[in-house]
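The values are calculated or read from the model by the stated rules, or taken from the named source; none is laboratory data. Given the structure is predicted, the values throughout are model-derived calculations rather than measurements. Every residue, glycine as well, gets a Cβ built from its backbone with ideal geometry; the counts of neighbours run over all protein chains shown. Ligands, DNA and RNA are stripped out before the accessible areas are found, and what is left, the full protein with its side chains, is counted by its heavy atoms. Shrake-Rupley method; radii C 1.70, N 1.55, O 1.52, S 1.80 Å.
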Amino acid sequence: MKTKIAAKKSAQKKVKATVKQSAASKEDRRKGSFPDRNSKMGRLIAHFDWSKTPLGPIDSWSQSLRTTVSLMLSNRFPMLLWWGKDYIGIYNDAYIPILGAKHPWGLGKPVRICWSEIWPTLKPLIDRPFNGGEATWLDDLMVVLNRHGFPEETHFTIAYSPVPDEDALNKIGGVLATVTETTDKVVGERRLNLLRNLGADTMESTTKEEICKIFAQVVGNSPYDIPFAMFYLSDEERKNLRLVSFAGVKVGESISPAMVRLDKKHRQLLPYAEVFESGELEVIEQLPRKFSYIPDQPWSDIAHTAVVIPIPSAQRKHNVGVIVAGISPRLPFNSAYRSFFELLTSQVARAISHAIAFEEERKRIEALEQIDKAKTVFFSNISHEFRTPLTLMLNPLEELLLRTDSNLSSAEKESIETTHRNALRLLKLVNSLLDFSRIESGKQQANFVRVDIVNYTKNLVSYFRSVVEKAGLKLVVKTSKIKQPVFIDRQMWEKIVFNLLSNALKYTLHGSITVELKESKGNVILKVKDTGIGIPHEELPNLFKRFHRIQQSGGRTFEGTGIGLSLTKELVHFHKGEIRAESKLNKGTTFIVSVPSGKKHLSVGAISFPSRRNGRTIASEGVQDAFIEEAQALLEAGDSETLGNVTLAKDRPNVMVVDDNADMRSHLKSILSGNFNVVTAGNGRDALTKMRDQLPDVVITDIMMPVMDGIELLRTIKSNKSTANIPVI
């Protein structure tokens, strides 16, 4: 019995609690309360007069609507609920920025009124889930909203889902929209693509004008960010700006003049001169008040704002031009927009700077080419002019030397021989310059004939035998049979062989010179090897450069033009061959010449078939004489008197003549010996050695000499107390 009474009381309590809870729920409905009253939109929805909308008072809302609104308010993503057939709008806090100035006016409004400007776009997207129960979504949907007082380009990723409701006729009460604005992402990617295209398209451009035209083309393909643009470059005098390219605008209008004067006193509708001078970007607003014509692409409304931007130069202190660019009327001009223009200008400036550098380099190269061409013409002309007086000098000198009935004294004959020898040397230099000028101008022609290359080379080498042996060196010739026919230009081959032998003699003081000729893999190989001073490893790459002279401390003389090996290389190339050098310092050098055998590598017109008489294998007399005479002079260069062979008169001053050229030493001695005691030396070290026995009263020295040059000799003389007071000329 007690158990029944207790159960009855418990049941009564539960009924009372249920009734109380139901009454509280009705009270909450009457007050319009929601579980989430902490959010801004929760409070706004709770106090909104919904009785004036098709949804009616909150206490009349279905449980599905109340639950959906509650869930939406607690969500941090921008969400919007369109309820009922009129699509009445309810949204959460995160959706407020999307509404902009339409908040809170848009609360409780039908979508066709709230978003009237995009209703034709939204209607089918909302109808589909509301009527068919099928969700819809789109990525980066572009719509033009009027939420800040102007039509604004915006982009959204949207997802529209149906919301079930048992009280609705079609069992769907509304559509829940989850919205993410992607405007910054889409516009940023679009601008990044524009900048990337600008960089890619201008990589091969080499002029400022070409770069500006390419930039205009690329900008013209992106009118949503830059409705119009004009690129102006200044002239060299910096007095005018010239319109070199444009996009989205007609040229010649007040907003787009073809020429602008850079004079602040000259009134301009845009601050071209100020921006060009200051280097600061300026924003120009209210364009319609200033200009009667403004481009209206790509939107139907015109741009109201533009920027004038200076184009700096990376290589110059001054700006090189300005850019006038329109600002989209449907995008706010914020910091991101400004940064985009700064990046654009930086890219333009960088490309133009590269073009300026390229143009300056091109002009420099053209100037050097003109100088080189003028030098070639000069060498060609002067070489021809030199040959005439040289011929008129050499022929009479040779006749005098060959006459047997002349009454010349030994001193007179020696003077004539010296003159003749140096005239031949000068002729050799002139001929080398003439060869170079012909090669430079493309006038040098090779005349290839078939020769017995072994016998011909042996004969050429034989001319040097007496000179080499006189120098105390051994001349070795090694040849093997050449089976394939060989075609060469005889005069060129002479110069190749003579130049290599002369070079070997010049830098070989002891040992031997070996000439080797053989056949290898379809090529004729000529090797000239010496046991001379060798070539420093770092100088090998420069060995065949024109006019390059290696600063050697050894050798028989410092004299030379630095064209012998370079000319040899050019002559080898005429034979479609190659030349290289191998060397070890103080151990010797080997020059290796390789030319193809046969005639497949030669054009038909370059080959001639001489008669037996013209096919003889002897050297040209002029070439032979010039090289042999110069070689003879090399041997004499190191010869100088010893004090034991010189009688020093006590009443005469002592003069020391230091020069590596024997003819120059002899000439100076003949001039001075009438009044002075003259001692000669072949280089600075030789001079210092002789000074130990007898100090001269004055020293006359050349500067460029082997072993020790004149500068080092002067430094040594002045640093020694015993010789410091000796005058040096």
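Just a few scattered comments:
- Among the GluC sites (Glu not before Pro) within region 117-168, those in coil by DSSP and having at most 12 neighbouring Cβ atoms inside 10 Å are Glu134, Glu166.
- Cα-derived Rg over Rh, computed across region 319-358 with Rh taken as Kirkwood radius: 1.09
- Exposure rank, largest accessible area first [Thr202, Thr121; 1.4 Å]: Thr121, Thr202
- Using alpha-carbon coordinates, inclination of helix 621-637 to the longest axis of the chain, degrees: 80 degrees
- Per-residue [θ]222 nm for the chain (sum of -39500 (n - 2.57) over DSSP H runs n ≥ 4, rounded to 500): -14000 deg cm²/dmol
- Per residue, the chain exposes an accessible area of 54 Å² to a 1.4 Å probe, with every protein chain left in place.
- Projected onto planes of every orientation and averaged, the convex hull of the alpha-carbon atoms in region 173-259 covers 8.9 nm².
- Taking the 1.4 Å solvent-accessible surface of the chain as the whole, the part contributed by carbon and sulfur is 52%.
- Trypsin sites (Lys or Arg not before Pro) lying in DSSP loop within region 301-342, provided at most 16 other Cβ fall within 10 Å: Arg316, Lys317
- Degrees between helix 183-201 axis and first principal axis of the chain (Cα, 0 to 90, nearest 10): 20 degrees
- Distant alpha-carbon pairs in the chain (separation over 40 angstrom), percent: 64 percent
- Counting heavy atoms of the protein chains alone, Phe378 has an accessible area of about 110 Å² for a 1.4 Å probe.
- Remark on region 664-729: ratio of C-alpha radius of gyration to 2.2 N^0.38 Å is 1.06.
- Looking at the chain, the DSSP beta bridges with both ends there are about 80 percent antiparallel.
- Cross-link partners of Lys363 among aspartates and glutamates, defined as those whose alpha carbon lies under 20 angstrom from its own and excluding same-chain residues fewer than eight positions apart: Glu204, Glu209, Glu210, Asp235, Glu236, Glu237, Asp372.
- Solvent-accessible area of Met79 with every protein chain in place, 1.4 Å probe, in Å² to the nearest 10: 20 Å²
- Volume in Å³ per residue [convex hull over Cα atoms, computed for region 39-120]: 93 Å³
- Solvent exposure of Arg364, expressed as accessible area, is near 120 Å², computed with a probe of 1.4 Å over the protein chains only.
- Heavy-atom accessible area order for Phe340, Phe77, largest first, 1.4 Å probe: Phe77, Phe340
- Alpha-carbon geometry of region 343-383: the Rg and the Dmax are 17.5, 59 Å, given in that order.
- The long axis of helix 119-132 is offset from the longest Cα principal axis of the chain by roughly 60 degrees.
- Convex hull volume of the Cα atoms of region 54-184, normalised per residue: 98 Å³.
- Dividing the Cα radius of gyration of region 174-213 by 2.2 N^0.38 Å, with N the residue count, gives 2.05.
- Å³ per residue enclosed by the Cα convex hull of region 205-349: 105 Å³
- Heavy-atom accessible area order for Trp137, Trp61, largest first, 1.4 Å probe: Trp137, Trp61
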